[in-house]
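The values are calculated or read from the model by the stated rules, or taken from the named source; none is laboratory data. As the structure is a computational prediction, the values presented were derived from the model and not from experiment. Positions of Cβ are backbone-derived with ideal geometry, glycine not excepted, and every protein chain shown enters the neighbour counts.
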Amino acid sequence: MAAPPLTAAPGSLLSRILSRHSTTPLPAGVTLLITSLLVCASNCSRIWIARTLGEAEYHLFLVRVARRAPVGLGIVFFLLSPLCIATIGAVIWLFHPEIHRSWGTWIALGFFIYAVVVGLYGSLAFLRLRKEGLADDIPVAPANS
């Protein structure tokens with residue numbers, strides 16, 4: 001069997017490492033699968049806008065919106081979605097029988113990992129876009145209040 005190419009996707013590479021070096025490869029793979037599917041679902045919900053506008057115009061749109069948004073409110077809204085996802089993980093973890101010996105642990109962990117990653121990177125992306133918008137001389141229409 002030939003070795004996989006070195007240009008494999010990071011998720012694919014991680015799943016191969018987990019399957020060869022983890023004492024519980026299948027459950028850890030389920031965690032990775034849950035997290036990856038949630039990321040894909042999130043990306044697919046926004047890709048139509050980028051495809052319609054074009055990447056440059058979509059980026060400019062995000063910069064303008066981030067510039068207009070209050071920092072605190074923007075961060076709160078970026079953290080609400082991951083909080084809902086983490087709540088799904090908590091419900092699975094709390095109400096699944098024999099959590100220490102079941103798939104529920106690994107499925108819940110996938111939801112928790114996704115929530116942490118999206119909460120952290122979503123908030124950082126918002127702050128980066130806002131900083132870029134405040135630094136540039138981009139005309140902004142007044143916010144509706």
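Within the set Leu124, Leu134, Leu120, Leu129, the sole residue that is touching a Lys or Arg at 6+ places or on another chain (Cβ under 9 Å), within 23 Å of Cys40 (Cβ to Cβ) and either part of a helix (DSSP H, G or I) or modelled with pLDDT of 95 or more (or both) turns out to be Leu129. From Val65, Val116, Val71, grab the single residue that is β-branched (Val, Ile, Thr), closer than 22 Å to Leu129 by Cα and in contact with a Pro (Cβ under 8 Å, 6 or more places away or on another chain). Matching residue, one of Val65, Val116, Val71: Val116.
The C-beta contact set for region 35-50 (first residue over 17 Å from Cys84 (Cβ atoms), second residue of a type in the set (A, V, I, L, M) and surrounded by 14 or more Cβ atoms within 10 Å (Cβ to Cβ), distance under 6 angstrom, 6+ apart or interchain) is empty.
Residues that are within 21 Å of Val65 (Cβ to Cβ) and touching a residue at least 12 places away in the same chain (Cβ under 8 Å) were ranked within region 75-104; the one that is farthest from the chain's Cα centre (by Cα) is Ile75.
Under the condition of being loosely packed, with under 12 Cβ neighbours inside 10 Å and charged (D, E, K, R), the residues counted in region 59-102 number 2.
Listed conditions (1) modelled with pLDDT of 90 or more; (2) in a loop (DSSP other than H, G, I, E, B) are all met by Leu80, apart from (2).
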